[in-house]
Protein chains: 2
Amino acid sequence: MSGLEGNRKVGRLAPVRRTSTVDLIAERLREAVVDGSLPPGTVLGEAELAYQLGVSRGPLREAMQRLTAEGLLVIPRRRGLAVKTMTPEDVRDIHWLRATIEPELGRRILTLAAADRRTVLAELGAEVKRMQRALRKDDARALGDAYLDFHRVLAGWGGSLRLARMLGTLLIETRLCTFSMFEHFEVHRDLVPEHVAFVEALAADDGERFGILMRAHLEAEVRRLLAEPEDAKEDEADRLLAETPDEPQPLDRLDLPEGL
Amino acid sequence: MSGLEGNRKVGRLAPVRRTSTVDLIAERLREAVVDGSLPPGTVLGEAELAYQLGVSRGPLREAMQRLTAEGLLVIPRRRGLAVKTMTPEDVRDIHWLRATIEPELGRRILTLAAADRRTVLAELGAEVKRMQRALRKDDARALGDAYLDFHRVLAGWGGSLRLARMLGTLLIETRLCTFSMFEHFEVHRDLVPEHVAFVEALAADDGERFGILMRAHLEAEVRRLLAEPEDAKEDEADRLLAETPDEPQPLDRLDLPEGL
DNA sequence: GATAATCAGATTGTCGACAAACTTACAATA
DNA sequence: TATTGTAAGTTTGTCGACAATCTGATTATC
């Protein structure tokens, strides 16, 4: 998951990482969005949320602005903040963007020094193993988490801070897509073999193949999320039946520790 | 420069665009960064800046967070805010990212309906004309502005809101690169023919060629900005001579109207 | 009975103030 | 003379409060 902070000199002390309150709040909110404590569409009042986080409204509002810039939150006028609900159009947009970026990432990883490349493969392999374990246990949550981390590893080794940040956001948005489209996590059995193939392609030094696989995977993801004709008519039906009537979700209690 | 808001129904009223104070401040700051009123490295005090903008520190701080998320500002601990200074590494990073994204954009524009494509070509042509006029007048500022708008048109017609936002930020960062590397605007005569070629490639329906040209242009830009060996040893020397000793730039007065 | 106007409640947007933290300069000591 | 310790000043980080605004419902009128 690292790879960007490789310029640490041995013997010298790395600068202390001091993080501001706003950073902490933003990180907390991001977590809450990723792990589903704040489902899409959730509307939150500033005062209540600030109280739960143990901070005042000032820093909270600053963190909100940051998450808004990342596209995770929307701020309707005079109604606090709401977790962004992804539309089918968003799903397509996000995955199209990922499909342009991630194949390039693979190509770039293959230009790394041999040692680094081995590290990447090891890290990716570890994530795939996590995915396999999760699949065996039918733990959709863990599968999703490993999925995110797999792609974060990719992003981290792309050699671009900016791109890592952007892809990081896109991945959280991907998670939001899942939450927006389904009420619960889905276990996709195809996911693991697909990612095994990614690693194999990289191991075989075949960037071209990696790109093709990645684009195919992302297109498949869009189909799965939008439950488009081909593979899942029944899924669509199930979804519609299981779906709650989408009432304006009331303040969903944040389950966060009191003392920040 | 538009293209994303094409879903406006005739006869229906478009929703009123009400913009919050934070939006206004953020936009003002972005402008100031783009037009050079706030050169890279500028350190600003919150109180002073808030006073100049005619708002209190609260909304200003919120806007700061947003610009920070965009990578335009950095917030050193307890020293207000500073306009980000781009390093050579940033220059390479930004242009590499653009080189990944913008060719794809051309390909996507070519999939547009014929009518839309004509509109794009017209808009791009207009920007090229602006660039030509600017070049004739040796107006580096105007040339740079038209350059930005040319690429913004591209971004706007890519059919992706997210990508338009990202590329928008990258373009502002590009401008910051110029300011970070040189003390003044530079007139690059090659710029205009390069962009004429872009339009021609699109007009000829040749996405492949467009991509190649774009990548070449961006690589050339990096060389120009970093004054790398090939084309500009003397430029490098000139630059070093002309350069001020990079003293911690004191509060550079914002030239903004009082009443917001 | 339906539409418009009014009113109360709640929540945001904004501001002013206080205290903690950091920087810088100066002085004291080894 | 160099280095450490001290102190003052400045600026941020955070909080609490007030007022404007919006929502939702109730009432009055046609």
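The values are calculated or read from the model by the stated rules, or taken from the named source; none is laboratory data. The structure displayed is predicted, hence computed values, not measured ones. When we count neighbours, we look across all protein chains shown, and the Cβ atoms used for this are built from the backbone with ideal geometry, even at glycine. Calculation scope for accessible area: heavy atoms of the full protein, side chains included, ligands and nucleic acids excluded. Shrake-Rupley method; radii C 1.70, N 1.55, O 1.52, S 1.80 Å.
Details
- Computed about its Cα centre, the charge dipole of segment A:21-83 is approximately 340 debye, with only Lys, Arg, Asp and Glu carrying charge at their Cβ.
- Backbone amide hydrogens, once placed in the peptide plane, bring residue B:73 within less than 5 Å of B:68, B:84, excluding anything fewer than 5 places away on its chain.
- Cα gyration tensor category, rounded, prolate or oblate, for segment A:108-181 with a/c compared to 1.5: oblate
- 10 Å Cβ neighbours from other chains, averaged over peptide A:100-113: 2
- Length available on full extension from residue A:110 to residue A:51: 0.36 nm per residue minus the Cα-Cα distance, which gives 16.4 nm.
- Using θ = phi - 60° and Karplus 6.51 cos²θ - 1.76 cosθ + 1.60, couplings along segment B:77-85 (whole Hz; Gly, Pro as x): 4, 6, 9, x, 9, 9, 6, 4, 9
- Loss of accessible area when B meets A, both sides summed, Å² nearest 100, probe 1.4 Å: 2800
- Of the residues making up segment B:64-86, those losing 30 Å² or more of accessible area when the isolated chain is joined by the remaining protein chains, with a 1.4 Å probe, are B:65, B:66, B:69, B:77.
- Ranking of A:147, A:51 by solvent-accessible surface, largest first: A:51, A:147 (1.4 Å probe, protein heavy atoms only, all chains present).
- Calculated label separations, residue A:121, copies of the chain, 7 Å along the beta-carbon direction, nm: 4.9
- Summed over the residues of segment B:88-242 and divided among them, the accessible surface reaches 45 Å² per residue at a probe radius of 1.4 Å.
- Stretching residue B:187 away from residue B:19 to a fully extended chain increases their span by 56.9 nm, per 0.36 nm per residue minus the current alpha-carbon distance.
- For segment B:89-101, putting each phi into the Karplus relation 6.51 cos²θ - 1.76 cosθ + 1.60 with θ = phi - 60° gives couplings of 4, 4, 4, 5, 4, 4, 6, 5, 5, 4, 5, 7, 8 Hz, in residue order, rounded to whole numbers and with x for Gly and Pro.
- Label-reachable residues, segment A:110-152, where backbone N falls under 19 Å from a point 7 Å from residue A:27's Cα toward its Cβ: A:149, A:152
- Think of each Lys and Arg Cβ as +1 and each Asp and Glu Cβ as -1; about the Cα centre, that makes the dipole of segment B:97-175 roughly 80 debye.
- Trypsin sites (Lys or Arg not before Pro) restricted to segment B:128-233 and DSSP loop, no more than 15 other C-beta within 10 Å: B:137, B:189
- Dipole in debye (nearest 20) - segment A:129-192, about Cα centre, beta carbon charges: Lys, Arg +1; Asp, Glu -1: 320
- Each Lys or Arg adds one and each Asp or Glu subtracts one; over the other residues with Cβ under 11 Å from the Cβ of residue A:80, this totals +3.
- Three-way shape label, segment B:21-83, alpha-carbon gyration tensor, a/c 1.5: rounded
- DSSP-assigned coil residues among trypsin sites (Lys or Arg not before Pro) in segment B:12-93, each with at most 16 further Cβ atoms within 10 Å: B:12, B:17, B:18, B:77, B:78, B:79
- Label geometry 7 Å along the beta-carbon vector: residue A:18 inter-copy distances in nm: 4.1
- Apportionment of accessible area to carbon and sulfur, segment B:86-139, percent (1.4 Å): 50
- Rolling a 1.4 Å probe over the protein heavy atoms leaves residue B:20 with an accessible area of roughly 40 Å².
- Karplus 3J(HN,Hα) series, Hz, for segment B:176-192 with 6.51 cos²θ - 1.76 cosθ + 1.60 (x for Gly, Pro): 4, 4, 4, 5, 6, 8, 10, 7, 9, 5, 10, 9, 9, 5, 5, 4, 5
- Counting only other chain Cβ atoms within 10 Å of each residue's Cβ, the peptide B:160-166 averages 5.
- Cα centroid separation, segment A:184-204 to segment B:82-152 (Å): 37
- Summary for residue A:184: label point 7 Å along Cα→Cβ; distances to the equivalent points in the other copies, ascending, 6.9 nm.
- Using the Cβ-Cβ distance between residue B:137 and residue A:78 with R0 set to 60 Å, the FRET efficiency works out to roughly 0.80.
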